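Participant: Please find one structure pasted underneath; my questions will follow.
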Amino acid sequence: MPDASTDYTVDELIVSLIARDIRDHELVQQGGGTLLGTVAVLLARRTHAPNLTYNYLTSMDPIVTSVGNPADSPHVVSRTALAPFDIADIVNMCLRGKTDVFSTMPAQIDRYGNVNASLIGDDQQRPKVRFPGGLGITDWTLYAGRVNVYVPKHTRRVFVEKVDYVTGMGHFPGGFAERVRRGVPGRGPRKVFSNLAVMGFDAETGRMRLDSLHAGVRLEDVQANTGFDLLLPADIPQTEPPTVEEVDLIRNEIDPKGLRKHRF
Amino acid sequence: MPDASTDYTVDELIVSLIARDIRDHELVQQGGGTLLGTVAVLLARRTHAPNLTYNYLTSMDPIVTSVGNPADSPHVVSRTALAPFDIADIVNMCLRGKTDVFSTMPAQIDRYGNVNASLIGDDQQRPKVRFPGGLGITDWTLYAGRVNVYVPKHTRRVFVEKVDYVTGMGHFPGGFAERVRRGVPGRGPRKVFSNLAVMGFDAETGRMRLDSLHAGVRLEDVQANTGFDLLLPADIPQTEPPTVEEVDLIRNEIDPKGLRKHRF
Amino acid sequence: MRDKRTTIAEAVQLVEDGSTLGIASPAVQPEALISMAAVREIARQGKRDLTVISAMAELESDLLAGAGCLRAIQFWACRFFDLGTPPNIRRMMQAGEIIAREESEFSFTLGVLAGGMGVEFIPLHGYFNDHLPHHPEWRTFPSPFDGKQLLAVTAVVPDVALIHVPRADKFGNAQFGETNRHNTAARFLAPHMVRAAKRVILTTEEIIDNAEIRKTPEETGILYHDVDAVVHAPGGAHPHGVVGYYEPDEAHIKRYHAAAQDAERFREYLRAYVHAPADPGAYRALVDAE
Amino acid sequence: MRDKRTTIAEAVQLVEDGSTLGIASPAVQPEALISMAAVREIARQGKRDLTVISAMAELESDLLAGAGCLRAIQFWACRFFDLGTPPNIRRMMQAGEIIAREESEFSFTLGVLAGGMGVEFIPLHGYFNDHLPHHPEWRTFPSPFDGKQLLAVTAVVPDVALIHVPRADKFGNAQFGETNRHNTAARFLAPHMVRAAKRVILTTEEIIDNAEIRKTPEETGILYHDVDAVVHAPGGAHPHGVVGYYEPDEAHIKRYHAAAQDAERFREYLRAYVHAPADPGAYRALVDAE
C-alpha cells in the first residue's frame, strides 16, 4: 500500500479524489475554466492511468505535464496533440458515447445533482447575479459517461434545495433508471467532492447521499452547511487521504504555482 | 448581331443552347459524367458569361479552358481553384439556394420532365437493365435553381409516357406552383435539348411543350419519336443556330478532340 | 463574381433594426475573426433591438449592449476574457433589459451546423435543462422512429453575419491564414455561421487579387457567394489581435473593462472610440496614437 | 489507448453474417481509402447477407457481390470506373438477387453526417423521387415548425466500417497523407463513415510510432477511439492506388472487369486472388509477380 499523506491541503485532496475516479484508458473531457480538473487529469496520468487520453480545449490529447507555464498553453501544446479538435469534433465524440468523464465546479448544486453555472435569483430574465454561463456543462451532464462535481466552499449558498437555473441536469426523482427511460445517454453526476466531504447519489431516488467525511470534519458541519437533507449511510467512513506520492506530484511537479487553489 | 453558323453539328448546337441558358454571374454545378455540359460552361465563360463560376467535381471554380488534356483533369486544375470542395460543401451550397443551374443527360424522360438514370424495366428490384444510377441528379432537380436536360438521340425509348424510375423529379401535374406548395426549393427542369428540337414545360400543367425545331426537322419527326403528346405552341419557330464564333470556340479551342460527341 | 467592395457605413445599412446578428466565431486569444469595425459602426449608426448570436459573447456583444443596440443575446457563454461576465451585459441582464438566450455548446453548434448545411433543424435527444423555456424558436416533437421526445434545434439563420479576416479578394473569397490553423473553434463555427446567414459583412486586413487566392485554395475559408459586402478595414479586429498582423491590445481591453463598469463612463468610451472616429481608418489612427 | 494490432483474419471476425458494412469513401483515381485487404478477407471467410453502404459502389462491392456475400447495396452510384455498372452487381441486380438501395448524393451525405455526429437523423425537405420506397429505414414526418412533410434521413450507422490508410499507429490514430489533400470527397466521407460505424477495421500501408502522429497532428483524419482493429497490410488497397505508395493497377482492374462478366470466370478470379493467397502478404506477392 502506498503511504497516506498526513500533510495535504483540501485542494490536494480533491485533486486526488477526481484523479482516482479516472480509470486507465478512459477519455477525459477537460474544460478550460477548471484548472483543478486539469491537475487531476495530469495526476491520474502520472499514477494509475498512464493510458488515459483527454480533450484539452482545441486539441486531442496534447502532451502536457504541468500547468501554469506559457509552454503549457493550449496553443503551444496543441502541436503535440493527436489531432486538432474543433467544436463539432467535441460534439460528435460525446454524442457517440466516447467521452467517459468530466469534472466541473458550479455555483449551486441541489439534492438531485442539478448544477447551476448561469445565474442567481428567482427571475431567470432578471437575475440578481448573471454568471458567464455553462459552456459545455449542460452537454457533459447529459452526454458524457459521468460527471464529477467539486465545491471549494461547502455552504448553504452552494448546496441549495433547488438550483435557480438548471444549467446541467442531475438525476430525476425516480432515480438513475429515469434517465434511461427518458433517453438521456449519460449517467450524470457521480460524486460531489467538497472541502468537507464526499457525496454520491442514491440509485433508487436520485438523491444526494453522504459517502465519507474528510479528516476532522463532523457530520454536523456538513449538515449545517447543506440546504437540504442528505441521505446518510449506516456507517460514515473517513475520506481516503491522498498518498505522499500524489501530494508530491501535485505540489512539486504538476502545479507548483498552486493554480488549483483558485476559489479555495 | 453575330453571324449565325451554317456549318455546325447537332452536338455543337446543343452545347450552344446549354451555354446560352447560363447567365453571367451564375453559379453552375457540373457533374463528372457529362463532358458536353462542361464544354457548354467553358463556352459560356468565353462568350456572354465571363463572371460565371462553377463547381467542377472536387474544387470550386478551377481555371479550365479546355477538355481532354491531362492538364485539365480535376486533380490538376483543382490547384487553381478558389477552394477545394467536398461533398458536404456541395450539399450545403445547394440546399442554401446558391446553385443556379445544372445540366444532365438521362436515359429516359417523361412528359412532366421526370428523369431516369437508374434502370429500365417494370420491376425496380429486378430491372431489365441496371444503370450506374443518378449520383446528384436527384438533388439538382430538387434543389438547384433549374436543370437543363439534353438527349443525343430523340427516340421513343428516351421520351417515354412514364419513366421506369424517377431518379430526378420533374414537374407535378398541377404545374410549377405545385413544387412551391410541396416545399421543393428548385424550379426543376427548364429546357430539354435533343438532336431534333428544344422543349420547355407549361407552367399551368407541368407538361412538356415543343419550343422550337432544329433546322431541317419536321414536327412529325419529333412527334413520331416521342412517346407522349407534346403541347404545341401556335407558332413553332426554328431553333436559333450557334454563331460562327461559338462553333469555332467549341471545335478548335474548348473541345478539339470532340469529347462532347459521346453518345451522339 | 461581382466586386462587393464598399465602405463600412454602407455595409452596415444591411443591418436593420430588430434583426439578428451572427458573430462568426469566438475570440480565442491571440486570435479573433471578430469584425469590431462592423460592431463599432453598428453602434455608431444606433441600430436598435438587435439579437446577437455569439457562441462566447464577449467584448463585441458588450459594446453593442452598452450602446443600447440589443434586445437579446443567444450564447453558450458570456464572459469577458478571464474577468467574468462582460460588465454592460451583466448590468443590463440583471436589470432585465437584455434577454438571455443561454444554451449549450452542443445545441449552439448543431444550430449553426443546421444553418450552414441548409436544413431546417437538427434533432437532439435527451436534452433536459432550463435553457429550453428561453428558446421560443426551438420545438420538441416525438421521434419518427421510437416516439421518444426530441428537441428540434432550429437552424441558426442570422439576418446578417459579421466576420473579420486576414485576407480577402474584392469578391469576398477569404482566407483565414494562421487563425485557421490554431483556432479550431473558429475553423468550424466561422464558415458555418457565414454560410448560415442571409447576408454577410466581411471586413479584411488586406484586399488581395483573386489570383492570390487561387495560389493557395486550401487556405480558403469563405467563398464569394456567401458574402454581400467586402470592406477593407486594417485593424478591424482591434482590440482583438489578428495573427501575423497585430497582437491583442491588452491595455485597451482593460480600459474598456473599466469604462463598462458604469453606464456614464461607458458613454464616454463610446464618444471617444465609436462616435468620434469618422471611419475605421480614423479609429485606427486614434488607437495607434495611444 | 490500447494496442489494437491484429491479423486481417482476426479483424474480419468482427463482421457477422447479416450485418451492414460501411466503405469509408469512394475511390477517386489515383487515390482510394478502400480496404481491399479487408474486402478480400470477408469474401474469403464467406460472410453472407451483408448490406454494403458505399457512396460509389465499385470494384469492392462488386467483388463481394460476385463472392455471394451480399443481400443489398446502399449507394448513390454503382459504377465501375468509366465502364458502366459493375458486372457482378449488374447481373445480380437484374436477376433480383441483390437489393438496390439507391439514393442521392445529398441523402447519403446527410445520413453519414448524422451517423458521424451522433444524431438520430437529419431532416430533408422537398425530397420526392423513387428512392423512397427502397429505404425502409427512412421516415417521413411533419415538420414541427410548419407541418410540411419532411424526410428523416436516418443516421447511417454501419455495424462495421472498413478503411485503408497510408499511415497509422498501433492504437488506430491514422493520417491520410496526400489522399486527404486531393480527394476532397474522401476528406468528408471517410472520417464521418468511420465515426458513424459501431466497429471499425483499419488496414494501413505503414504502422508508425505514436510520436510520429504527434509531429503532424493536423494530418490526422481518424482517432484511436473510433478504431477497433489495426492491420498492417501493405498493398491493401490494390488494385486501387495509394498516393505516395503505388499507382492503381490498371491491368488488374481490366482483368477483374473481364472476369466478372460471367459467374464461372469470376469463380476462377476468386480462386486465384481471394482463396489461394493465405493473407495480404501472399496476395501482394502474387500480384507483384504478375
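Laboratory data are not the source of any read-out in this text; all were calculated from the coordinates shown. Computed from a predicted model, the values in this text were never measured in an experiment. Methodologically, a virtual Cβ is constructed for each residue, glycine included, from the backbone with ideal geometry; neighbour enumeration extends over all protein chains shown.
Participant: For the stretch B:123-223, how big is Rg over Rh, using alpha carbon atoms and the Kirkwood form of Rh?
Facilitator: Dividing the radius of gyration by the Kirkwood radius yields 0.98.
Participant: Then there's this: Measure out, as a whole number of angstrom, how far apart the alpha-carbon centroids of the stretch B:26-99 and the stretch B:190-264 sit.
Facilitator: If you average the Cα positions of each part, the centres end up 24 Å apart.
Participant: Shape verdict for the stretch D:134-290, please, from the Cα gyration tensor: rounded (a/c under 1.5), prolate (a/b greater than b/c) or oblate.
Facilitator: Since a/c reaches 1.5 but b/c is at least a/b, the shape of the stretch D:134-290 is classed as oblate.
Participant: Also: Can you list residues whose amide H is under 5 Å from D:ILE53's amide H, if they're 5+ apart or on another chain and H is modeled 1.01 Å from N?
Facilitator: Those lying under 5 Å, H to H, from D:ILE53 are D:LEU21, D:GLY22, D:ILE23, D:GLN74.
Participant: Also, quick follow-up: What FRET efficiency, computed as 1/(1 + (r/R0)^6) with R0 = 41 Å and r the Cβ-Cβ distance, is obtained for C:ASP262 and B:SER73, rounded to the nearest 0.05?
Facilitator: Approximately 0.05, to the nearest 0.05.
Participant: Tell me, what is the FRET efficiency for B:GLN223 and B:ASP24 to the nearest 0.05, using R0 = 30 angstrom and their Cβ-Cβ distance as r?
Facilitator: 0.25
Participant: Tell me which residues come under 5 Å, amide H to amide H, from C:ASN173 once H is placed; ignore anything under 5 positions away on its chain.
Facilitator: C:TYR224
Participant: Treat the protein assembly as shown as a sphere of radius equal to its Kirkwood radius over Cα pairs and apply Stokes-Einstein at 20 °C in a medium of 1.002 mPa s; give the translational diffusion coefficient in µm²/s, rounded to a whole number.
Facilitator: Translational D for this selection: 68 µm²/s.
Participant: Now for a separate question. Write out the trypsin sites (Lys or Arg not before Pro) in the stretch A:72-181 meeting two conditions: DSSP loop, and at most 13 other Cβ atoms within 10 Å of their Cβ.
Facilitator: Passing both the DSSP loop test and the Cβ count: A:LYS128, A:LYS153, A:ARG156, A:ARG157, A:LYS162.
Participant: Moving on to the next point. Rounded to the nearest 20 debye, what is the charge dipole size of the stretch C:133-269 about its Cα centre when +1 sits on each Lys and Arg Cβ and -1 on each Asp and Glu Cβ?
Facilitator: Charge dipole, the stretch C:133-269, about its Cα centre: 380 debye, nearest 20.
Participant: In whole Å, what are the Cα extents of the stretch C:71-158 along the three principal axes, biggest one first?
Facilitator: 46, 25, 24
Participant: Let me ask something else. Over the whole of B:47-58, what's the average partner chain Cβ count within 10 Å per residue? Rounded to a whole number, please.
Facilitator: Average neighbour count from other chains, rounded to a whole number: 2.
Participant: log₁₀ I(q)/I(0) of the stretch B:32-189 at q = 0.13, 0.21 Å⁻¹, via Debye over equal Cα point scatterers, no solvent, to two decimals?
Facilitator: -0.68, -1.37
Participant: Among all the aspartates and glutamates, which ones have a C-alpha under 12 Å from D:LYS47's C-alpha, if same-chain residues fewer than 8 places away are not counted?
Facilitator: Qualifying aspartates and glutamates at Cα under 12 Å: D:GLU16, D:ASP17.
Participant: Further question on the same structure: When chain D is treated as a GNM, springs tying every alpha-carbon pair under 10 Å, which of D:ILE53, D:ILE98, D:ILE34 comes out with the largest mean-square fluctuation?
Facilitator: Taking springs between Cα atoms under 10 Å, the residue moving most is D:ILE98.
Participant: A:HIS262 label points, 7 Å along Cα→Cβ, one per copy: pairwise distances from this copy to the rest in nm, shortest first?
Facilitator: Its label point is 6.0 nm from the equivalent points in the other copies.
Participant: One decimal, nm, shortest first: give the distances between the label point of A:ASP202 and those of the same position in the other copies, each label point 7 Å from Cα along Cα→Cβ.
Facilitator: 7.7
Participant: Then there is this: Give a residue-ordered list of calculated ³J(HN,Hα) values for the stretch A:223-236 (Karplus: 6.51 cos²θ - 1.76 cosθ + 1.60, θ = phi - 60°; whole Hz; x for Gly, Pro).
Facilitator: Along the stretch A:223-236, the couplings run 4, 5, 9, 10, x, 8, 6, 7, 5, 10, x, 4, 10, 10 Hz.
Participant: Test of understanding: express the Cα radius of gyration of chain D as a ratio to 2.2 N^0.38 Å, with N the residue count.
Facilitator: 0.97
Participant: Show me, for the stretch B:204-217, the HN-Hα J-couplings you get by feeding each phi into the Karplus relation (A = 6.51, B = -1.76, C = 1.60, θ = phi - 60°), rounded to Hz, glycine and proline as x.
Facilitator: Karplus values, whole Hz, x for Gly and Pro: 7, 10, x, 8, 6, 10, 6, 9, 7, 9, 5, 3, x, 9.
Participant: Right, next: Can you check what the net charge comes to around C:ALA114, using other residues whose Cβ is under 12 Å from the Cβ of C:ALA114 (Lys, Arg +1; Asp, Glu -1)?
Facilitator: 0
Participant: Along each principal axis of its Cα atoms, how long is the stretch A:147-201 end to end? Whole angstroms, biggest number first, please.
Facilitator: Projected onto the principal axes, the Cα atoms of the stretch A:147-201 cover 34, 22, 17 Å.
Participant: OK, next. List the pair-distance distribution P(r) of chain B, using every Cα-Cα distance, as the percent of pairs falling in each 10 Å bin from 0 up to the bin containing the longest distance, rounded to whole percents.
Facilitator: For chain B, the pair-distance distribution reads 7, 30, 37, 22, 4, 0.
Participant: Another question, if that's okay. Looking only at Cα atoms, what is the convex hull volume of the stretch C:89-221 per residue, in Å³?
Facilitator: Looking at the stretch C:89-221, the number lands at 148 Å³ per residue.
Participant: Using a Gaussian network model on chain A with a 10 Å cutoff between Cα atoms, which of A:GLY97, A:GLY186, A:GLY134 fluctuates the most?
Facilitator: Greatest mean-square fluctuation among the candidates belongs to A:GLY97.
Participant: What is the sum of charges, Lys and Arg at +1 and Asp and Glu at -1, for the other residues whose Cβ falls under 13 Å from the Cβ of D:CYS78?
Facilitator: So the environment of D:CYS78 carries a net charge of 0.
Participant: Still on this structure, I have one more. Among residues other than C:HIS125 whose Cβ falls under 11 Å from its Cβ, what is the net charge (Lys/Arg +1, Asp/Glu -1)?
Facilitator: Net local charge, C:HIS125 excluded: 0.
Participant: Distances from A:SER73 to the same position in the other copies: list them in nm, one decimal, shortest first, using label points 7 Å from Cα along Cα→Cβ.
Facilitator: Reported distances to equivalent positions: 4.5 nm.
Participant: Pick from C:GLU41, C:GLU97, C:GLU264 the residue whose mean-square fluctuation is largest in a GNM of chain C, springs joining Cα atoms under 10 Å.
Facilitator: C:GLU264
Participant: Within 10 Å of each Cβ of D:90-103, how many other protein chain Cβ atoms are there on average?
Facilitator: Mean number of neighbouring Cβ atoms from other chains: 4.
Participant: Loop only per DSSP, at most 13 neighbouring Cβ atoms within 10 Å: give me the GluC sites (Glu not before Pro) in the stretch A:229-264, ordered by residue number.
Facilitator: none
Participant: Would you work out the Kirkwood radius for the stretch B:84-137? I mean one over the mean of 1/r across all pairs of different Cα atoms, in Å.
Facilitator: One decimal place: 13.3 Å for the Kirkwood radius.
Participant: Could you give the dipole magnitude of the protein assembly as shown about its Cα centre, charging the beta-carbon of Lys and Arg +1 and that of Asp and Glu -1, in debye to the nearest 20?
Facilitator: 1480
Participant: Could you give me the ³J(HN,Hα) list for the stretch B:124-136, computed from phi with Karplus coefficients 6.51, -1.76, 1.60 and θ = phi - 60°, whole Hz, x at Gly and Pro?
Facilitator: 5, 9, 8, x, 5, 9, 9, 8, x, x, x, 6, x
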